[in-house]
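*Asks:* Got a structure for you, written out below as structure tokens; questions coming shortly.
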Amino acid sequence: MRCRVKVCGITSVTDAAMVGASGVDALGLVFYPKSKRNLSIAQAVEICRAMPPFVTVVGLFLDADADFVRAVLAAVPLDILQFHGSETPEYCRQFSRPYMKAVGMKGLAEAGGFAAYADCFPDAQGFLVDSHAPGAAGGTGETFDWTQVPQDYPKPIILAGGLTAENVAEAIRTSRVYAVDVSSGVESAPGVKDAAKVQAFMTGVESTVVCS
Ligand SMILES: O=C(O)c1ccccc1N[C@@H]1O[C@H](COP(=O)(O)O)[C@@H](O)[C@H]1O
């Protein structure tokens, strides 16, 4: 089975349809006003209406006010939440929705390591490991040392940070993660996805499938 794929930072119905048809497993919608990929609730509702069935819709939040998250959830049919900031376990669980917690790998070893961090979120569905430092925003397009990705953690790990069509196969072979997440690496401009780059990314992912 191939590694699962999420394409994050969809900002238009056109891109949602194109990415949704490319064979990805999940799309990400960013609700973070400082991001170039930030969406309004109305835009997100329109994008969700254009989604084919069986493609998971992820809502990305970064240290958002809880009332704002609730307002989004009341209007937008999100399947799972991605908390990309310094949210606490109590904060993440208050919405009673499936969620994954993003964790910046830079400086994490000094802060006690991945397992110590992840064990604090027993109800998370999985953990997204990105290249940012703890407290930084993420989504920077930078890679990190994939040999640092935790192995044998009992929950799914999603690899993010600077992935492209050129490096995704090596990233998967090195890290052996459950899923990869890409945003800037499949764009022609911030927030605009590029069909050729998305297809090339999927080809890179599929090249890692070993037939037996
Ligand atoms: O996409 C954003 O604008 C964003 C903003 C703030 C935090 C995270 C963000 N995106 C997530 O960042 C990672 C890596 O993205 P990239 O491929 O390196 O551009 C990914 O998980 C996105 O979901």
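No lab work stands behind these numbers, since they all come straight from the coordinates. Just so it is clear, the model here is predicted, and its values are computed rather than measured. Because the Cβ atoms are built from the backbone with ideal geometry, glycine has one as well, and the counts that use them run over all protein chains shown.
*Asks:* Looking at the structure I just gave you, is Thr208 hydroxyl-bearing (Ser, Thr, Tyr), within 14 Å of the ligand (Cβ to nearest atom) and surrounded by 15 or more Cβ atoms within 10 Å (Cβ to Cβ)?
*Replies:* Details: hydroxyl-bearing (Ser, Thr, Tyr): yes; within 14 Å of the ligand (Cβ to nearest atom): no; surrounded by 15 or more Cβ atoms within 10 Å (Cβ to Cβ): yes.
So Thr208 does not fit the description; no.
*Asks:* Looking at (1) in contact with a helix residue (DSSP H, G or I) (Cβ under 8 Å, 6 or more places away or on another chain); (2) within 17 Å of Val30 (Cβ to Cβ); (3) among the small types (Gly, Ala, Ser), which is the only condition Ala64 fails?
*Replies:* Just one mismatch for Ala64, condition (1).
*Asks:* Would you call Thr203 polar (S, T, N, Q), exposed (fewer than 14 other Cβ atoms within 10 Å of the Cβ) and either near the ligand (Cβ under 10 Å from one of its atoms) or in a helix (DSSP H, G or I) (or both)? Steps first, please.
*Replies:* Details: polar (S, T, N, Q): yes; exposed (fewer than 14 other Cβ atoms within 10 Å of the Cβ): yes; either near the ligand (Cβ under 10 Å from one of its atoms) or in a helix (DSSP H, G or I) (or both): yes.
Spelling it out, Thr203 is indeed polar (S, T, N, Q), exposed (fewer than 14 other Cβ atoms within 10 Å of the Cβ) and either near the ligand (Cβ under 10 Å from one of its atoms) or in a helix (DSSP H, G or I) (or both).
*Asks:* Turning to a different aspect of this structure: Which one of these is part of a loop (DSSP other than H, G, I, E, B) and closer than 22 Å to Val192 by Cα: Lys6, Lys34?
*Replies:* Values: Lys6 fails: part of a loop (DSSP other than H, G, I, E, B).
When all the criteria are applied, what remains is Lys34.
*Asks:* Can you tell me which residue in segment 147-190 is nearest to Ala118 (Cα to Cα), limited to those that are of a type in the set (Asp, Glu), more than 11 Å from the ligand (Cβ to nearest atom) and outside any helix (DSSP H, G or I)? It would help to see each step written out before you state the result.
*Replies:* Pass one, segment 147-190, residues of a type in the set (Asp, Glu): 152, 166, 170, 181, 187.
Now narrow it down to the ones that are more than 11 Å from the ligand (Cβ to nearest atom): 152, 166, 170.
Then drop every residue that is not outside any helix (DSSP H, G or I), which leaves 152, 166.
Values: Asp152: 13, Glu166: 30 Å.
So the residue we want is Asp152.
*Asks:* Do you know which residues across segment 33-43 are surrounded by fewer than 19 Cβ atoms within 10 Å (Cβ to Cβ) and either of a type outside the set (Val, Ile, Thr) or within 10 Å of the ligand (Cβ to nearest atom) (or both)? Spell out how you get there, then give the answer.
*Replies:* Step one: list which residues in segment 33-43 are surrounded by fewer than 19 Cβ atoms within 10 Å (Cβ to Cβ), which gives 33-34, 36, 38, 40-43.
If the condition is that a residue be surrounded by fewer than 19 Cβ atoms within 10 Å (Cβ to Cβ) and either of a type outside the set (Val, Ile, Thr) or within 10 Å of the ligand (Cβ to nearest atom) (or both), then Pro33, Lys34, Lys36, Asn38, Ser40, Ala42, Gln43 are the ones that fit.
*Asks:* Just checking, how many residues over segment 80-113 are within 13 Å of Leu128 (Cβ to Cβ) and touching a Gly at 6+ places or on another chain (Cβ under 7 Å)?
*Replies:* The number of residues fulfilling the criteria is 6.
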